[in-house]
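Let me begin by presenting the structure, written as structure tokens, before commenting on it.
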Amino acid sequence: MVELGVNFNGNMRREDLSSRAAAAERSGIAHLWVGESKPLVHPFPLLALLAESTSRARVGSAILSAMSNRCMHIAHAFATLKEAYGERFVAGIAPGDRYGLRVECISSRGVLARLERCISLIEREVPVLVGASGPKLIALASERSSGVILNYAHPEFVRWALRHIKKRCRIACIAPALVLPDREHRGELLGAAAVVASGANQVFAEEMGIAGKVGAVRKALRSGRGLEEHEDFLLEYFTISGSVEEVVERVEELAKLGVEQVILGSPFVKSRRFEKIINSISERLSA
């Protein structure tokens, strides 16, 4: 049976993070993740908060940049978390998108070699999953780490990705998610989908026949205008969204492809109906 994960970000009140982590665990969710975004609180204090608020759930980073964070610091931080809360942690790492690295004046040269060294160092403390969307990174993740977190969750994209797996490993998918209708968070869902689409690997985009669409989304995102024109494309291909039944259907479709964990990304956890929704999804999946 496919496992569900829920992703948290550092743009929520600590009280909400704590209460919703506990609610997710009560509903049977086995994996809690924290994303990294430079304007927000760093994941490590939040990983501790989620571990403190729960007793059994696995807690991980989804996803830390191995280029803008020192790998030794990542390993030491997870070692400290293990001492406090036990063997409940997993490190999700990735290079980070090229645009973001340029903004931070970080060279993207030697990415794969740096990532391999980072995996070797961190896996001395915790299992490592690598966030990936392009063929080279997917191949590296399957060969050198415990698994891969695919940065999309459309079945067509996942089928493409699985062709690049070189060695059997754990397969997870993460995507912006939301149960609709939700007027309060629909705009955030669209924005999150646009960020994922605009950072799509070029080989992936070309082989999937969406390079033109991705280019248009990237242009709209940078200009701050016209993103709504791409709403249907973004919600269909770069989110897990719709009614509870439609979300469950997507999760089950991914499970049939061999995906072992589906991570419901932001803004899913922000829904005012979060506890009711996550209970409903869990019940349907276990039926």
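Values for this structure:
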quantity: Test: residue 224 is in contact with a Lys or Arg (Cβ under 9 Å, 6 or more places away or on another chain) and at pLDDT below 95; calculated: no
quantity: Listing of helices (runs of 4 or more DSSP H) fully contained in the range 116-232 that carry 2 or more residues being of a type in the set (Asp, Glu) and touching a residue at least 12 places away in the same chain (Cβ under 8 Å); calculated: 183-198
quantity: Of all residues making up the range 260-287, the number that are in contact with an Asp or Glu (Cβ under 9 Å, 6 or more places away or on another chain) and either assigned to a loop (DSSP other than H, G, I, E, B) or of a type in the set (D, E, K, R) (or both); calculated: 8
quantity: Odd one out for residue 32 among (1) over 21 Å from residue 170 (Cα atoms); (2) among the hydrophobic types (A, V, I, L, M, F, W, C); (3) within 18 Å of the chain's Cα centre (by Cα); calculated: (1)
quantity: In the range 1-17, residue surrounded by the fewest Cβ atoms within 10 Å (Cβ to Cβ) [restricted to those that are assigned to a helix (DSSP H, G or I) and not hydrophobic (A, V, I, L, M, F, W, C)]; calculated: 15
quantity: Residue within the range 191-198 that is buried (at least 21 other Cβ atoms within 10 Å of the Cβ), farther than 19 Å from residue 148 by Cβ and touching a Pro at 6+ places or on another chain (Cβ under 9 Å) present; calculated: yes
quantity: Selection status of residue 100, at pLDDT below 95, within 21 Å of the chain's Cα centre (by Cα) and in a loop (DSSP other than H, G, I, E, B); calculated: no
quantity: Filtered residues of the range 27-57 (kept if free of Cβ contacts under 8 Å to residues at least 60 places away in the same chain and not hydrophobic (A, V, I, L, M, F, W, C)); calculated: 36, 37, 39, 42, 43, 45, 52, 53, 54, 55, 56
quantity: Condition met for residue 65 (within 13 Å of the chain's Cα centre (by Cα) and either surrounded by fewer than 18 Cβ atoms within 10 Å (Cβ to Cβ) or among the hydroxyl-bearing types (Ser, Thr, Tyr) (or both)); calculated: yes
quantity: From the options 262, 269, residue that is in contact with a strand residue (DSSP E or B) (Cβ under 7 Å, 6 or more places away or on another chain) and closer than 19 Å to residue 162 by Cα; calculated: 262
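The values are calculated or read from the model by the stated rules, or taken from the named source; none is laboratory data. Only a predicted model underlies this, so the values are computations on that prediction, with no experimental measurement involved. Cβ coordinates were reconstructed from backbone atoms using ideal geometry, including for glycine residues, and neighbour counts include every protein chain displayed.
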